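K.L.:
I am attaching a structure below and will ask some questions about it afterwards.
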Amino acid sequence: MKSQEHPLSPLFKKIIKDPWSYWIGAALLALLNIALFAFSGHPWGVTTTFSYWGAWIFKALGGHPETWTYFQNPSHAKALTESVFTNAGSVQNIGIIIGAFLATLLASQFKIKKIKSYRQVIAAILGGLLMGYGARIAFGCNAGAYFSGIPSMSLYGWVWAVFGLIGAWIGSKLLVKYFM
């Protein structure tokens, strides 16, 4: 006897398992960015919260990040009085991480891959450090500087876009030359 397919299976497959079109993804991201701005009063950003996480860890180890110039800004100073679970950016970042993990699991795309070489590890660490440093000096990453910067008509968003494209081109050439 042939088992019948659950009536929600095609809908589940279309929404959860199959990739969405770029247009749908772009429209949803735009709507979520508008909603975030309406509810929080600031555009979407990711990397500023990472600086708070580092400061909270440093403070927990006995350091004094409140003396740093960065935390003299009132909004950054306020973050030092919050925790990972009371800071809106932290909750948002944790949600992004959990959401991406769940989406990967639901789409059956989660894989643990063997590290090919230590050169790959060094390149990943170096690339991550450069990207993190670049994100902080550029007023954010692709979310804060590009995705939120351009719609708000900020010049830095357009400057980020130009250099982001140049960096992606250089990075792809290095990837092909050294890792493919």
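Every read-out reported here was derived from the displayed coordinates using simple, explicitly stated rules and does not represent laboratory data. What you see is a predicted model, and the numbers here were worked out from it, not measured in a lab. Reconstructed Cβ throughout: ideal geometry from the backbone, glycine too, with neighbour counts over all protein chains shown.
K.L.:
So for the chain, averaging the separation of alpha carbon pairs under 8 Å that are six or more residues apart and normalising by length, what relative contact order in percent results?
P.N.:
24 percent.
K.L.:
Points 7 angstrom from Cα along the Cβ direction at V176 and Q92: gap in nanometres?
P.N.:
It is 3.6 nm.
K.L.:
Ratio to report: Rg/Rh of the chain, with Cα atoms as the point set and Rh obtained by the Kirkwood method; give two decimals.
P.N.:
1.03
K.L.:
Could you give the length gained by full extension between I137 and V84, i.e. 0.36 nm per residue of separation minus their alpha carbon distance, to one decimal place?
P.N.:
Here the segment from I137 to V84 would lengthen by 16.8 nm.
K.L.:
Quick one: dipole size for region 44-174, taken about the Cα centre, charges +1 on Lys/Arg Cβ and -1 on Asp/Glu Cβ, in debye to the nearest 20.
P.N.:
For this selection, approximately 640 debye.
K.L.:
For region 9-112, calculate the relative contact order in percent as a whole number, restricting contacts to Cα pairs under 8 Å that are 6 or more residues apart.
P.N.:
28
K.L.:
Find the all-direction average of the projected area of the Cα convex hull for region 9-112, expressing the result in square nanometres with one decimal place.
P.N.:
9.1
K.L.:
May I ask for the distance between the Cα centers of region 152-174 and region 58-104, given as a whole number of Å?
P.N.:
26
K.L.:
Now a separate question. Under the Kirkwood approximation for Rh and a Cα-based Rg, what ratio Rg/Rh is obtained for region 114-180?
P.N.:
1.08
K.L.:
On to the next question. So how do 67-73, 42-48 stack up, highest first, on mean other-Cβ count within 10 Å?
P.N.:
The most tightly packed comes first, giving 42-48, 67-73.
K.L.:
Ordered by residue, what ³J(HN,Hα) values in Hz, to whole numbers, does region 30-42 give under the Karplus form 6.51 cos²θ - 1.76 cosθ + 1.60, where θ = phi - 60° and Gly and Pro are x?
P.N.:
Result, ordered by residue: 5, 5, 5, 5, 5, 4, 4, 5, 5, 8, 9, x, 9 Hz.
K.L.:
Hey, can you rank 99-109, 151-161 by average C-beta count inside 10 Å, highest first?
P.N.:
Per-residue mean Cβ counts within 10 Å order the peptides as 151-161, 99-109.
K.L.:
Another question, if that's okay. Step through the table entries K13/K111; K113/K173; K111/K177; K17/K114; K114/K173; K14/K116, compare each Cα-Cα distance with 29 Å, and write down the pairs that go over it.
P.N.:
Pairs exceeding 29 Å: K14/K116.
K.L.:
If you don't mind, another one. Under a crude label model (7 Å from the Cα following the beta-carbon direction), how far is A77 from A30 in nanometres?
P.N.:
4.0
K.L.:
Taking the Cβ-Cβ separation of F58 and A124 as r and a Förster radius of 25 Å, what is the calculated FRET efficiency to the nearest 0.05?
P.N.:
Here the calculated transfer efficiency is 0.55.
K.L.:
If the cut-off is 23 Å between C-alpha atoms, which lysines fall inside it for K59, apart from same-chain ones fewer than 8 positions away?
P.N.:
Cross-link targets: K78.
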